[in-house]
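> This is the structure, below, for whatever I ask next.
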Amino acid sequence: QVQLVESGGGLVQPGGSLKLSCVMSGSAFGVYVMAWYRQAPGKDRELVGTVTNAGSAEYADSVKDRFAITRDNAKSTVYLQMTDLKPEDTAVYYCNAQDRYLTGQWYWGQGTQVTVSS
């Protein structure tokens, strides 16, 4: 029933910025911890960062000080603001929702491609 849809991916030059969005439908957005993951070709899927229901965010060391995760509970949307993008940031970025209060269920979006290249 829960559906996550990412958008905002595209091609950007090194040093540029991009903002991704993920909209949830089918459940109460405010009860979920939200996260962004990414997966580059030939590499494992890795955690980019998380944001709690109250908006407290944590990040992987590789993106800390460059990326920011925020959420708008009224819009059932989580964002990933990416700045100072590097070629190694190129990946498919996935939205993730985690029910830490009742079921423990995780949900995933379909992913959106981010390519950093000159």
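> When the residues of segment 1-50 are narrowed to those that are β-branched (Val, Ile, Thr) and assigned to a strand (DSSP E or B), which ends up surrounded by the most Cβ atoms within 10 Å (Cβ to Cβ)?
Here the answer is Val48.
> Only one residue in Val92, Val78, Val48 is at pLDDT 95 or above, more than 15 Å from Gln113 (Cα to Cα) and among the hydrophobic types (A, V, I, L, M, F, W, C), so which one is that?
Going through Val92, Val78, Val48 in turn, the sole match is Val78.
> Is it fair to say Val63 is part of a strand (DSSP E or B) and surrounded by 14 or more Cβ atoms within 10 Å (Cβ to Cβ)?
no
> Moving on. Kindly evaluate Tyr94 against the criterion of being surrounded by fewer than 18 Cβ atoms within 10 Å (Cβ to Cβ) and of a type in the set (Phe, Trp, Tyr).
When the stated conditions are applied, Tyr94 does not pass them.
> Any idea which residue in segment 97-107 is modelled with the highest pLDDT, counting only those that are open to solvent by 90 Å² or more (accessible area, probe 1.4 Å) and of a type in the set (A, V, I, L, M, F, W, C)?
My answer is Trp106.
> Of Tyr93, Tyr107, Tyr79, which residue is within 10 Å of the chain's Cα centre (by Cα), over 19 Å from Pro14 (Cβ atoms) and not acidic (Asp, Glu)?
Exactly one of Tyr93, Tyr107, Tyr79 is within 10 Å of the chain's Cα centre (by Cα), over 19 Å from Pro14 (Cβ atoms) and not acidic (Asp, Glu), namely Tyr79.
> Let me ask another. Sort through Ala54, Ala68, Ala74 and tell me the only one that's of a type in the set (A, V, I, L, M, F, W, C), part of a loop (DSSP other than H, G, I, E, B) and open to solvent by 30 Å² or more (accessible area, probe 1.4 Å).
Ala54
The values are calculated or read from the model by the stated rules, or taken from the named source; none is laboratory data. On a predicted model such as this, the values are computed, not experimentally measured, just so you know. Glycine also receives a Cβ, built like all others from the backbone with ideal geometry; neighbour counts cover every protein chain displayed. Heads up: the accessible areas ignore ligands, DNA and RNA and are worked out on the full protein's heavy atoms, side chains in. Shrake-Rupley method; radii C 1.70, N 1.55, O 1.52, S 1.80 Å.
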